[in-house]
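Comments concern the structure below.
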Amino acid sequence: PGITLKPGQRFLGEGVPHYFQSAQGVFLLPGASSRPGQPLILNPIGPAVTLANGTEVAGLHIRTSDTASQAEILGRGPALAVLVPGDAIVGKGIEGVSIHRNVISSTGVAVKLEDASGPVRVADNVITHANQAGIAYTAGG
């Protein structure tokens, strides 16, 4: 399984600038690494990220169910792979989420929001290899 966010949590990758609001104003969140690019999340089976109410996912590179590529990234060379469809970012019965500035490669659905309500922002993402759908959204009541 991947990462399950708690309500109100921000899941931010260092590949893009992020800002936060405080009583003193708006500030740029400092990066902890000088390495270029977005952090890579590899998830062999199931959703990479499961959302909760009021969560944010930004600045990440997410690849689901891509065993051959994982072996190559880990330096083990080409590998035989059985691809199991995996959704990248999912949320069910949630409200008030923001998904932006990510690179998503998914063998399932890249962004899957079911019964979602409140402000929902999905913007500036790069989605490739989504075998089922890039974005699947059903509105909640």
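The values are calculated or read from the model by the stated rules, or taken from the named source; none is laboratory data. If you're wondering where the values come from, they're calculated on a predicted model, not measured in any experiment. Positions of Cβ are backbone-derived with ideal geometry, glycine not excepted, and every protein chain shown enters the neighbour counts. Keep in mind that these areas ignore ligands, DNA and RNA; they rest on the heavy atoms of the full protein, side chains included. Shrake-Rupley method; radii C 1.70, N 1.55, O 1.52, S 1.80 Å.
Listed values, structure above:
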read-out: Candidate set from the range 21-37 (those that are modelled with pLDDT of 80 or more and not small (Gly, Ala, Ser)); member that is nearest to GLY8 (Cα to Cα); value: GLN21
read-out: Qualifying positions in the range 39-54 - within 21 Å of GLY108 (Cα to Cα), of a type outside the set (Val, Ile, Thr) and either modelled with pLDDT under 80 or buried (at least 18 other Cβ atoms within 10 Å of the Cβ) (or both); value: PRO39, LEU40, LEU42, ASN43, PRO44, GLY46, PRO47, ALA48, LEU51
read-out: Matching residues in the range 124-141 - criterion: being under 22 Å from GLY93 (Cβ atoms), open to solvent by 60 Å² or more (accessible area, probe 1.4 Å) and modelled with pLDDT of 80 or more; value: ILE135, TYR137, THR138, ALA139
read-out: Hits in the range 88-116 - residues which are small (Gly, Ala, Ser), touching a Gly at 6+ places or on another chain (Cβ under 7 Å) and surrounded by 15 or more Cβ atoms within 10 Å (Cβ to Cβ); value: GLY96, SER106, GLY108, ALA110, ALA116
read-out: The range 1-21 residues that are small (Gly, Ala, Ser), paired with ones that are surrounded by fewer than 16 Cβ atoms within 10 Å (Cβ to Cβ) and assigned to a loop (DSSP other than H, G, I, E, B) (beta carbon under 8 Å, 6 or more apart); value: GLY13/PRO39; GLY15/PRO36; GLY15/GLY37; GLY15/PRO39
read-out: Candidate set: the range 55-108, residues that are charged (D, E, K, R) and assigned to a loop (DSSP other than H, G, I, E, B); chosen: the one modelled with the lowest pLDDT; value: ARG76
read-out: Of residues in the range 1-20 being in a loop (DSSP other than H, G, I, E, B) and open to solvent by less than 60 Å² (accessible area, probe 1.4 Å), the one modelled with the lowest pLDDT; value: GLY15
